[in-house]
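Take a look at the structure set out below.
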Amino acid sequence: MNTVFIADDELIIRQGLKCIIDWDKLGFSIIGEASNGIDALNYIVRECPDLVLMDIRMPGMLGVDVVQKARDKGFEGHFIILSGFTDFKYAQAAIRYGVDFYLTKPIDEDELLEAVETIKSTIDKQNRESGTWQHYRQKAHGMILLDILKGNADFDQINLEDMHLGSDQYQVVIYEKYSHNATQMSYRFADLLKVTNEMNSSYEQITIDDNEILLLKGEFTLHKFEQFLEHYDREQKPQKDSPLDSLFITYGRPVNDIRNVHTSYLEALRLLQRRFFCEHRQHTIGYDQLPDPDANNLFELTPEVLQHYCETLIGYIQAAKRNQMAEMLHELETKLYSCNEDIPRIKLFLTDLYLSIKEKIFHLYHNANIPFPSNAQIIEFINDKYYLYEIVLFFTEQFEMIIRSIGNPSSESVMDDIIHYIEHNYMDNIKLENIAPLFGYNSSYLGKIFTKKVGEGFNIFVDKIRIEHSKELLVNSSLKVYEIAEKVGYRNVDYFHTKFKKYVNQSPAEYRKQMRQSETSE
């Protein structure tokens with residue numbers, strides 16, 4: 001709806017102008033009125049109505065002066081001047097300032113209707129042209145942004161400042177639904193950054209191949225993103241129903257030149273394609289977690305590698321060596337992360353590995369009545385999984401089933417295997433719910449028997465192992481405290497400080513200083 005403002009010193013004329021034609025039918029809404037020139041000017045400049053009906057002779061300031069001053073202040077709306085016959089010289093002056101129509105009093109209904117309809121047509125045309133221009137500008141902006149991300153931009157032909165793309169720092173973030181079963185994301189990640197984005201000053205947003213892309217711009221926005229990641233790191237994993245719980249986020253490296261934005265984008269995109277390797281409940285993955293494509297130790301899925309893992313795992317299954325079996329699967333998981341093959345090829349390799357183990361175990365223990373799933377079920381299961389950890393968990397459950405089918409190891413030997421596993425994997429993100437399936441237990445039951453057999457809770461045992469190893473590193477290395485915290489399995493150095501002080505009664509720095517002074521005095 002267009003807006004109309006009426007200015008006349010006579011109340012009866014203002015009321016008559018409101019009723020003389022059907023403003024609503026013409027697409028106009030009367031938003032205000034004034035009885036003197038000063039109030040009229042202030043209102044016009046403040047509210048910017050689309051159309052002003054104004055008497056040329058107004059108390060306080062002549063109508064022609066109101067028009068002139070309004071134009072000087074940038075007002076671009078339309079004017080219809082109302083005057084008597086003797087005011088024609090004033091009307092001529094007003095017309096020089098862009099008055100659309102000059103109507104004499106008393107106002108003729110048909111003349112006013114024709115004038116308003118003409119102005120309405122002009123406004124509609126301006127809106128169409130403005131909208132078309134804005135549409136093509138936005139489309140051009142999107143195409144330029146797409147070219148920049150994909151490395152196809154001709155920067156000699158782009159005015160970065162005009163496109164609001166100039167900045168001292170950039171970083172590409174990609175986000176999608178965390179759950180593949182969710183119908184839509186409950187939050188947009190851009191909203192979680194908590195930054196204003198007037199004129200796209202903080203970030204650009206674009207959809208490419210159904211991926212939601214953010215191009216972060218400027219030191220402040222990148223710092224806000226870094227704070228967001230640190231907050232997530234401290235939380236370890238998002239709470240259910242929290243904003244981050246519905247999102248999965250990848251991010252490329254920060255770059256200082258817009259010409260290198262393409263590199264940041266490719267890293268974020270590559271990480272999205274490697275989501276298969278993420279841990280359970282992992283919601284973010286960054287450029288520093290990409291394997292080096294030029295490394296000499298890239299893992300190759302050869303028939304010899306398949307045979308090696310098949311024979312080794314069968315040996316561990318037959319000997320009921322759960323700890324070695326678990327370590328072998330963990331090693332395979334780590335090496336697959338550095339593999340150059342695509343995900344379907346990796347899934348095919350894992351399918352072949354399981355089927356080979358199944359075939360050999362079946363021939364070795366054909367009288368054991370082992371409840372193997374069918375080959376078709378195995379192929380479908382592995383192919384349908386979104387994550388590597390789901391397939392590895394399936395392997396461990398199946399191998400435990402085989403061990404139980406061909407023998408009955410005591411719970412004592414199983415506990416020894418679990419303790420051995422902890423002592424050799426304490427630096428990883430080791431948790432009871434991750435350990436339990438590796439050894440054929442649910443986490444609740446394993447927690448109870450672990451406490452009973454060992455004499456203390458699982459988490460306390462892991463903490464003590466980590467703290468003992470951290471003490472060795474504090475004394476025998478020059479690593480910084482935060483580096484030691486990472487090496488023994490604590491992602492948060494503040495949490496490491498808390499645990500260390502709990503078990504040692506001093507801070508890591510105090511312990512290091514005391515031990516070194518003790519060595520010097522000896």
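The values are calculated or read from the model by the stated rules, or taken from the named source; none is laboratory data. Owing to the predicted nature of the structure, the values given are computational and were not obtained by experimental measurement. Quick reminder, even Gly has a Cβ in these numbers, built from the backbone with ideal geometry, and neighbours come from all protein chains shown. Heads up: the accessible areas ignore ligands, DNA and RNA and are worked out on the full protein's heavy atoms, side chains in. Shrake-Rupley method; radii C 1.70, N 1.55, O 1.52, S 1.80 Å.
Tabulated data
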{"item": "Filter result for residue 12 (without any contact (Cβ under 8 Å) to a residue 24 or more places away in the chain, of a type outside the set (Ser, Thr, Tyr) and farther than 27 Å from residue 127 by Cβ)", "result": "yes"}
{"item": "One residue from 17, 26 being hydrophobic (A, V, I, L, M, F, W, C), over 14 Å from residue 120 (Cα atoms) and in contact (Cβ under 8 Å) with a residue 60 or more places away in the chain", "result": "17"}
{"item": "Residue under evaluation residue 429, criteria (1) open to solvent by less than 30 Å² (accessible area, probe 1.4 Å); (2) under 30 Å from residue 314 (Cα atoms), criterion not met", "result": "(1)"}
{"item": "Residues that are out of contact with any strand residue (DSSP E or B) (no Cβ under 6 Å at 6 or more places or on another chain), modelled with pLDDT under 90 and crowded, with 24+ Cβ neighbours inside 10 Å, drawn from segment 51-66", "result": "64"}
{"item": "Answer from 441, 386 - the residue that is closer than 23 Å to residue 324 by Cβ and of a type in the set (Phe, Trp, Tyr)", "result": "441"}
{"item": "Output for segment 269-281, where each listed residue is open to solvent by less than 30 Å² (accessible area, probe 1.4 Å) and either in a loop (DSSP other than H, G, I, E, B) or of a type in the set (Lys, Arg) (or both)", "result": "274, 275, 278"}
{"item": "Residues located in segment 15-30, provided they are under 49 Å from the mean Cα position of the chain (by Cα) and open to solvent by 70 Å² or more (accessible area, probe 1.4 Å)", "result": "24, 25"}
{"item": "Matching residues in segment 32-49 - criterion: being within 20 Å of residue 118 (Cα to Cα) and at pLDDT below 90", "result": "48"}
{"item": "Qualifying positions in segment 34-46 - more than 47 Å from the chain's Cα centre (by Cα) and either over 14 Å from residue 59 (Cβ atoms) or of a type in the set (Ser, Thr, Tyr) (or both)", "result": "35"}
{"item": "Positions within segment 58-76 being assigned to a loop (DSSP other than H, G, I, E, B) and without any contact (Cβ under 8 Å) to a residue 40 or more places away in the chain, in sequence order", "result": "60, 61, 62, 73, 74, 75, 76"}
{"item": "Residue 115 vs. criteria assigned to a helix (DSSP H, G or I), touching a Phe, Trp or Tyr at 6+ places or on another chain (Cβ under 6 Å) and at pLDDT 90 or above", "result": "yes"}
{"item": "Total residues in segment 316-334, condition within 39 Å of the chain's Cα centre (by Cα), of a type in the set (A, V, I, L, M, F, W, C) and either closer than 24 Å to residue 271 by Cβ or open to solvent by 10 Å² or more (accessible area, probe 1.4 Å) (or both)", "result": "3"}
{"item": "One residue from 313, 266 being open to solvent by less than 50 Å² (accessible area, probe 1.4 Å), modelled with pLDDT of 85 or more and on the phi < 0 side of the Ramachandran plot", "result": "313"}
{"item": "Boolean, residue 12 is part of a helix (DSSP H, G or I), among the aliphatic types (A, V, I, L, M) and over 55 Å from the mean Cα position of the chain (by Cα)", "result": "yes"}
